[in-house]
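Read through the structure below, which is laid out as structure tokens, and then see the notes.
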Amino acid sequence: MKIAILDDWFDTIRTLPCFAMLDGHDVTIWNDHVEDVGTLASRLQDAEALVLIRERTKITAQLLDRLPKLRLISQRSVYPHIDVAACTRHGVVVSSNLHWGTPSYAAAELTFALVLAAMRQLPQQVASLREGRWQSGVGYTVRGKTLGIYGFGRIGRTVAEYGSAFRMNVLVWSSEETRRKAAAEGHAVATSKEQFFADCDVLSLHLRLVPATRGIVTADDLARMKPTALLVNTSRAGLVEPGALVSALRTGRPGMAAVDVFEDEPVHDRAHPLLAMDNVVCTPHIGYVTHEEFDQQFSDIFEQILAYAAGTPIHVVNPDVLESRRATDPETTVEGALTALGSYLATRAEALKDEVRRYPTPIARCDDQLPKLLAERGRVVEQLHAVESLQRFGPGEPAAARKKLLGEILAPAAYAAEDDFENALRGKLAKALAKLQHGDATIAAG
């Protein structure tokens, strides 16, 4: 497939281990940020699959009208920047793994880094030292302070764990259901939203931005905060009522803020009011921007591309588009599934090899995890060899030989896979095995 990747500002993606998953595909990577529809249409005119890095570029109906070859948009997490209805009208599949069970540890780490940076006045102290003035003020210790977690989801829960490790007193406010979960995990729960804002020394926002949460933090909420309190927002700027944070900081409640998100991104205006305030620590939306987080995210994104190429789309946001695509897509064949499964297994085998290398000493090799890793790598390598052997078969090979190899690839007792993508590919190949069992010797029949 012809694949285009937008907004890879530091040319990082091709350096990631998961980039090998796209071997055999025609990949174009753009390292700048473009908003002009005409320029985007020109760049993407031949793209069959489009990879997005979070919400950096908006995909509008106007742009989709000019991309007749586009068949798939692959990304990770939420998708308010994509006109999904327009994608469906144009027959474009949107695949987006929402990773419900996995928090962004990078975002949680940045959140707590901002807490420490703001409370200890690190940017100001660094600037003072560079200017030859030594210390610039006195900060605050976090131990014993009340850490408010507004939204007890995956990231909020992780930040709460970090706060507990620093011996902070965690206080939670969220929906009734998640407040019950927080209480069950031993965290204190505020009796009201008003009490929550009044009691917190550090208050961190961890809510998804949906219509119900837009502007959920009001000017009145902020006015209840202590003059020494810190508001941290690494989620979405739209959670706070427009203009409320700047006004609140100017009046002194809260006394500090640390933000990684802005209403309009990217921010290039040095006169932005938050950037001009000494009591605010600002970062340019880097919550998820680490090598490790990128490799995890793009493994999911590239897996979605391979799944689509194999005729087994996963994490589809707009399933209505699939029926029309299934009827016309030439790549939804068993051969495509074999190619995708081979690429997946090769990447997985290399990743497991790297994991095994992390056990270099005899003592480390006593770890219970090592035998599991070795057994898993053995399974993957054996499967990979079977796939490669099957791909080498010519049309003259007997159906019985192909049937034997397919059986080795699909044997459920020996090779039960936990990965949704691997299972989807095996389902495609299972249809081929069924055809062979009924005397159909054509393995490429979809």
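A few comments on the model shown:
- Residues of region 284-316 satisfying the condition of being within 15 Å of Thr12 (Cβ to Cβ), among the hydroxyl-bearing types (Ser, Thr, Tyr) and not in a helix (DSSP H, G or I): Tyr288, Thr290
- Meets criteria (touching a strand residue (DSSP E or B) at 6+ places or on another chain (Cβ under 6 Å), open to solvent by 10 Å² or more (accessible area, probe 1.4 Å), over 27 Å from Ser74 (Cα atoms) and not acidic (Asp, Glu)) for Leu274: yes
- Number of positions in region 110-164 that are touching a residue at least 40 places away in the same chain (Cβ under 8 Å), assigned to a helix (DSSP H, G or I) and charged (D, E, K, R): 2
- Region 238-265: number of residues that are touching a helix residue (DSSP H, G or I) at 6+ places or on another chain (Cβ under 9 Å), at pLDDT 95 or above and not in a helix (DSSP H, G or I): 13
- Candidate set: region 26-55, residues that are open to solvent by 50 Å² or more (accessible area, probe 1.4 Å) and of a type outside the set (D, E, K, R); chosen: the one nearest to Ala237 (Cα to Cα): His33
- Among (1) crowded, with 16+ Cβ neighbours inside 10 Å; (2) modelled with pLDDT of 95 or more; (3) not β-branched (Val, Ile, Thr), the one test that Gly144 misses: (1)
- Checking each residue in region 167-187 for being open to solvent by 50 Å² or more (accessible area, probe 1.4 Å) and in contact (Cβ under 8 Å) with a residue 24 or more places away in the chain picks out Arg167, Asn169, Arg179, Lys181, Glu185.
- Members of region 83-109 that are touching a Leu at 6+ places or on another chain (Cβ under 9 Å) and free of Cβ contacts under 8 Å to residues at least 60 places away in the same chain: Asp83, Ala86, Arg89, His90
- Pairs, first closer than 23 Å to Ile305 by Cα and at pLDDT 95 or above in region 26-39, second assigned to a strand (DSSP E or B) and open to solvent by less than 60 Å² (accessible area, probe 1.4 Å), C-beta under 6 Å, six or more apart: Val27/Ile3; Thr28/Ala4; Ile29/Ile5
- Residues in region 216-265 that are of a type in the set (Val, Ile, Thr) and either open to solvent by 70 Å² or more (accessible area, probe 1.4 Å) or touching a strand residue (DSSP E or B) at 6+ places or on another chain (Cβ under 7 Å) (or both) were compared, and the one that is farthest from Ser204 (Cα to Cα) is Thr251.
- Matching residues in region 147-166 - criterion: being over 16 Å from Asn233 (Cα atoms) and open to solvent by less than 50 Å² (accessible area, probe 1.4 Å): Ser164
- Every residue from region 113-126 that is open to solvent by less than 10 Å² (accessible area, probe 1.4 Å) and out of contact with any Gly (no Cβ under 7 Å at 6 or more places or on another chain): Leu114, Val115, Ala118
- The conditions of being touching a helix residue (DSSP H, G or I) at 6+ places or on another chain (Cβ under 9 Å), surrounded by 15 or more Cβ atoms within 10 Å (Cβ to Cβ) and under 24 Å from Pro319 (Cα atoms) are not met by Arg66.
- Within region 263-289, residues that are over 23 Å from Gly139 (Cβ atoms) have Cβ atoms under 6 Å from residues that are aliphatic (A, V, I, L, M) and part of a loop (DSSP other than H, G, I, E, B) in these pairs: His285/Val261, counting only partners at least 6 apart in sequence or on another chain.
- Considering residues of region 318-347 that are open to solvent by 40 Å² or more (accessible area, probe 1.4 Å) and of a type in the set (Val, Ile, Thr) only, the residue modelled with the lowest pLDDT: Thr328
- Tally of residues being without any contact (Cβ under 8 Å) to a residue 24 or more places away in the chain and open to solvent by 70 Å² or more (accessible area, probe 1.4 Å) across region 1-14: 2
- Tally of residues being open to solvent by less than 60 Å² (accessible area, probe 1.4 Å) and not in a helix (DSSP H, G or I) across region 188-215: 15
- Taking region 127-141 as the range and being in contact with a Ser or Thr (Cβ under 9 Å, 6 or more places away or on another chain) and either buried (at least 17 other Cβ atoms within 10 Å of the Cβ) or hydroxyl-bearing (Ser, Thr, Tyr) (or both) as the test, the residues that pass are Ser128, Ser136, Tyr140.
The values are calculated or read from the model by the stated rules, or taken from the named source; none is laboratory data. This one's a predicted model, so the numbers in the text were calculated from it and none came from an experiment. For neighbour counting, all protein chains shown are included, and Cβ atoms are generated from backbone atoms with ideal geometry for every residue, glycine included. Quick note on the areas: whole protein, heavy atoms, side chains included, nothing else; ligands and nucleic acids left out. Shrake-Rupley method; radii C 1.70, N 1.55, O 1.52, S 1.80 Å.
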